[in-house]
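Scroll down for the structure; my scribbles are underneath it.
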Amino acid sequence: MNVLIVDDDPLICKSLALMLAKEPDIQVIGAAYDGRQAIEMCETNPPDLVLMDIRMPEVDGIQATRLLKKLYPRVRVMMLTTFKDKPNIERALKAGADGYLLKTDPMADIAAKLRILAHGAAVMDSEALKTLTSTHVSSLELLTPRERSIVELVTQGMTNKEIAQHLFLSEGTVRNVLSVVMDKLNVKNRTQLGLAALGREGTANPPSSTCI
């Protein structure tokens with residue numbers, strides 16, 4: 001897995017690069033110090049995953065994420081930031097971020113969370129999750145039993161193919177149902193959909209991060 005680190009603090013970039021260099025399956029291909037530089041680097045060598053800060057000069061992490069997901073939709077973006085307020089979290093997710101972690105998370109855990117993200121599941125810091133879990137609660141009552149079953153499997157990290165096999169449906173049917181569900185809940189991706197479902201469940205004692 002090739003990773004690009006994007007942060008305007010050189011010390012943080014260096015620390016992350018040194019930590020990730022210890023992982024045999026992760027290769028840091030570079031560091032960018034603002035969103036504009038990150039986009040330029042992706043043009044020449046698109047990574048598998050971008051570890052993205054929010055507040056940066058020139059082009060911030062939100063703007064960079066929005067453009068990167070438009071240009072390179074297969075590139076996964078993990079936000080790594082100090083901000084845990086609802087506006088920044090919502091802006092990041094709406095921009096297309098696939099995961100959201102805080103810089104207060106133990107450094108040793110980041111590599112494992114990047115692997116989870118790279119395999120298709122979203123990773124959400126529990127503190128950030130708490131600020132969003134009340135947003136979509138009432139909306140989930142609009143779903144049919146089949147729709148709720150599919151959403152539940154999405155929160156378990158299943159792909160459309162795995163959901164189809166589990167429920168004895170065609171993969172096309174699963175895609176169509178998820179499209180309808182996202183319209184009903186006014187969410188744009190699987191990360192936001194998972195957050196809506198987890199908010200309804202209301203975990204009392206969440207772990208340090210949640211995989212969706």
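The values are calculated or read from the model by the stated rules, or taken from the named source; none is laboratory data. Bear in mind that the values here come from a model prediction, so they are computed numbers and not experimental data. All Cβ positions, even for glycine, are placed from backbone atoms using ideal geometry, and neighbour counts span all protein chains on display.
Residues that are in contact (Cβ under 8 Å) with a residue 60 or more places away in the chain and crowded, with 17+ Cβ neighbours inside 10 Å: find the strands (runs of 3 or more DSSP E) completely inside the stretch 25-93 holding 2 or more of those. Walk me through how you get there before you give the answer.
Working: elements: 27-32, 49-52, 76-81.
Strands (runs of 3 or more DSSP E) meeting the threshold: 49-52.
Out of all the residues in the stretch 111-125, which are at pLDDT below 85 and crowded, with 17+ Cβ neighbours inside 10 Å?
A121, A122, V123, M124, D125
If you check L102 against the conditions, is it modelled with pLDDT of 90 or more, of a type in the set (A, V, I, L, M) and within 28 Å of D25 (Cα to Cα)?
On the way: modelled with pLDDT of 90 or more: no; of a type in the set (A, V, I, L, M): yes; within 28 Å of D25 (Cα to Cα): yes.
It is false that L102 is modelled with pLDDT of 90 or more, of a type in the set (A, V, I, L, M) and within 28 Å of D25 (Cα to Cα).
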